[in-house]
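Below you'll find the structure, written out as structure tokens, and then a few comments.
Taken together, the values in this text are just the output of simple stated rules run on the coordinates, not laboratory data. Worth saying up front: this structure is predicted, and the values here are computed from it rather than measured. Cβ sites come from the backbone with ideal geometry, for glycine too, and all protein chains shown count toward neighbours.
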């Protein structure tokens, strides 16, 4: 049903696109809005033929639109009630009013069903409501309509802390789960804020920092789960966000939280209202700004921690509720909080009802957290489509490097030496040492190092191409969700192809992966015409969350074949073989050669589509060729080492900082660096805990994520306002 | 008899060659070898032989593993079911996967100290297998993706699982006999089957003495406080209970892995005199959550109804899992219901 609302929202957006699609004048000045992709507009020079408009505040949206939103809200409510009724109808055999009689008076089976329906609904309503309020509080705090517990990494931090404690101090996890989650939430939120602080909480940087912290912490959690698979067994279903209840304990706990939070928020309303206008004004009026901020952060951390320690990670509900509140144009803080509570409650209630209704159909347990993750992608797309109406400070993080000459042969030799060393200095049966065992090196070590090298190369090129094409230094196949799309395509192909009578072989999986990547790319192109490219990064968050949700479902299905596929998708070079690795190298080199051929038109394209067209570049064919190239690169590398690695994001910047400023130099140097980083990541994954292994993709994500956080911190931001 | 390609030969190349030269040499040779790997498989097999001997002279612990007489077949089994059954037969494999958590999940039989850890079960370290004097890899259907990584080492699939909707004793004796054929010692397998049957009968008698009134069991493993797997007719519990003259109560037909996912409330559908067996390991957190559950409190297991907790047994294990299951059952502590 969330889909329905979103549909509706989309309809609203498109019906108004004629008047709203023009970029606001302020954002036109920024580099990022003049996305080359928008060149696909019939108009050759979009900025010039559109009358500059003053940025419109969100609540000036026409009455027709607001009427439609209220209709959407009404539909949401009706659908929630209807799904609840359908659920009761399906599971409850006694009269409906028996649902409310005290549990102790029912027989066991009825009591279990009652708890399953009523207690679960109560928990869903309260947890959803609390997450909605948390997101609005965060948005008031950082004045960013995209802030939420999900996008700022609050939930992931709490989850990782719980995971670590569960693994190593289980007794603490039983009795102190809340405090542990609280500390984790505070740390990850602090990290995101610390990263965004130098740019004065610039909206884009804040969300980016949240995104990277999210992926980084998830990668760390992934390593822990892989290595302590047996101990984190019970964690799996908790991490997926199961809401189903078999006691009133959680409901009571959340109800108390909601009441206490309401009481705490009451005195905060006035200072928050003042602060929402202007911090300086508020300060002059005697509002202790920093005190209020600290208090809000603490409230957010403790409430998120509570919800997470009780029901697990539930993504996007807070963001969805807060976005609906923004869309409705409610301005008073108290009303915003109340509306967020109601909307969050409804959204999560509807989700859990749908999940419970689907369970008997699919014959498996469906965690609400996974379902919200899957529904998160359409939500985000709807959000960014709305976003173009919002007045928001746009920035382009500028990454500059000094132009220096690069001795490519030195880099080449270093990379070759690295591959060699990775094959020679290893741990084997006898421990660490130099191994001169030719046979094993050629059969096992070299193929894996070489396939890591090939994927590093491909991801690096894809990153350079995407960053130049979108003129967005934060673009990369992983961040934009192209790799996740490829992985989703592979999973769906694996699940659905047999039922279509096709065998799920390497060839068919390649095609399904490629179609996934192309689908995401097409979506990005479509969106790029409508919104500033900075927001495209959010698509990546959404699609990655969708893939996460699907993966959780796959894990819970208990099918060992799928589990084997999951470990493959986690990005390991495990299955590299001497007979096939040369194909991969071949593909990588061919694609590399193709991208070298396309450098010249790409560089012209990088100046802007108008200029490019004037200089005689066939813009559309070149763009299309580039996109197909990027899709091919992403799919090939995803199939080899999995979707999340940050190589494509990090290596182009590394190349720039080493002096390869011009595209002709950046591309080959990035390719070499990509090879180097990936080979190192693969080597670490294979030998540090020999004979056990960590996937190269996960190691690369941790290296790349850490580097990127460091980069974001240093980045000089060109604020254009 | 499979050829043993592991031999002792001359010590390895001297390492006094300058390091850089060695590096270049390696790479060029590696590249040359891999480029034509398809045509040189025989050659590389020879090299594998040599390489083993080089390694062997390098390490003392290595020779320990190979101290067996030359006519035995060295088996590596990433799969626990085969590894456990082989160990119980008295013919332990030289290597298996996830050794560090064996005790937690498999328990008995305990592995010999000399066993080598192959790393993650589903991703056995092929590089390590190649360095070991392995003559045969025994795995099953779940390990197919790793098959083509074993190089020249032959691999055989032995699967302990129900052929139809109900697991039978024959589904477990068949693969055990096949293991006997693979190690070229069918008598060992036959003796083990006879002994297993005796052990299970003995365990059954002991159990009968302790809890004469308990005849029906339901077997579950908790995923979290609310969700669990109930093991049904096509799981290994069926033949074990059949041998012990006990009845396995189920709620539905299982999937291909022998279980059906149920919720805690579904347990109410079981008869009052059915004894609930919970398979360990159960995390302390889940345990606390279960105790907290209103449904669990009302079900009254350990009080009005009979329940017990069984030490870990590898659910997808072979014959040895049946025996350890019976052994565990003979010493289990049951509480409540028919047990009191």
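Counting Cβ atoms of other protein chains within 10 Å of each Cβ in A:576-589 and taking the mean gives 2.
The convex hull of the Cα atoms of region B:219-340, projected and averaged over all directions, covers 6.9 nm². Could you tell me whether region A:88-178 comes out rounded, prolate or oblate from its Cα gyration tensor? Rule is a ≥ b ≥ c as square roots of the eigenvalues, rounded for a/c under 1.5, then prolate if a/b exceeds b/c, otherwise oblate. It comes out oblate by the Cα gyration axes. Judged by the gyration tensor of its Cα atoms, with axes a ≥ b ≥ c, region A:75-138 is oblate; a/c meets the 1.5 cut and b/c is at least as large as a/b. Dividing the C-alpha radius of gyration of region A:240-319 by 2.2 N^0.38 Å, with N its residue count, gives 1.38. Under the simplified labelling scheme, the residue A:331-residue A:713 pair shows an inter-label distance of 4.0 nm, with each label point 7 Å from Cα along Cα→Cβ.
For region A:155-305, the alpha carbon positions stretch 57, 38, 23 Å along the principal axes, listed from largest to smallest.
Shielding value for B:139-149 is 3, the average number of Cβ atoms from other chains within 10 Å of each residue's Cβ. Pairs of Cα atoms in region A:70-227 fall into 10 Å distance bins, from 0 up to the last occupied one, in shares of 10, 26, 24, 26, 12, 2, 0 percent. For peptide A:410-420, the mean count of partner chain Cβ atoms within 10 Å of a residue's Cβ comes to 2. Structural size metrics of region B:102-193, computed from C-alpha coordinates, are Rg and Dmax of 14.7, 41 Å. With the convex hull of the Cα atoms taken as the outline of region A:138-228, the averaged projected area works out to 5.7 nm². Quick one: grab the alpha carbon gyration tensor of region B:69-150, order the square roots of its eigenvalues as a ≥ b ≥ c, and give me rounded if a/c is under 1.5, else prolate or oblate depending on whether a/b is larger than b/c. Here region B:69-150 falls in the oblate category.
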